[in-house]
Amino acid sequence: MLDNLESNYDCSRAGEDLHQLKQELAERRGRGAEDPESQAVINRLENQINFILNKCDFNPSSLT
């Protein structure tokens, strides 16, 4: 998970960051833990992915 995403995020890092975030998200989901802390981490990862997709004008369907 990235520590801090801000409006000045450098989109040149998006490919690497999205790959890393999606891998971590898949691992978290694969564990199947439904406790509130795990769900909060999953939500944060999803939010970070969506932030990068929106900020850098990616088409989400082209990245799956």
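The values are calculated or read from the model by the stated rules, or taken from the named source; none is laboratory data. This is a predicted model, so every value here is computed, not measured. Glycine gets a Cβ as well: all are built from the backbone with ideal geometry, and neighbour counts include every protein chain shown. Ligands, DNA and RNA are excluded from the accessible area calculation, which covers all protein heavy atoms including side chains. Shrake-Rupley method; radii C 1.70, N 1.55, O 1.52, S 1.80 Å.
Of everything in the stretch 43-58 that is more than 12 Å from the chain's Cα centre (by Cα) and surrounded by 14 or more Cβ atoms within 10 Å (Cβ to Cβ), the residue that is nearest to Leu5 (Cα to Cα) is Lys55. Scanning the stretch 26-42 for residues that are open to solvent by 50 Å² or more (accessible area, probe 1.4 Å) and either over 15 Å from the mean Cα position of the chain (by Cα) or under 13 Å from Leu2 (Cα atoms) (or both) yields Gly30, Arg31, Glu34, Asp35, Pro36, Glu37.
For the stretch 34-49, a residue qualifies if it is out of contact with any helix residue (DSSP H, G or I) (no Cβ under 8 Å at 6 or more places or on another chain) and without any contact (Cβ under 8 Å) to a residue 12 or more places away in the chain, and the qualifying residues are Glu34, Asp35, Pro36, Glu37, Gln39, Ala40, Asn43, Asn47.
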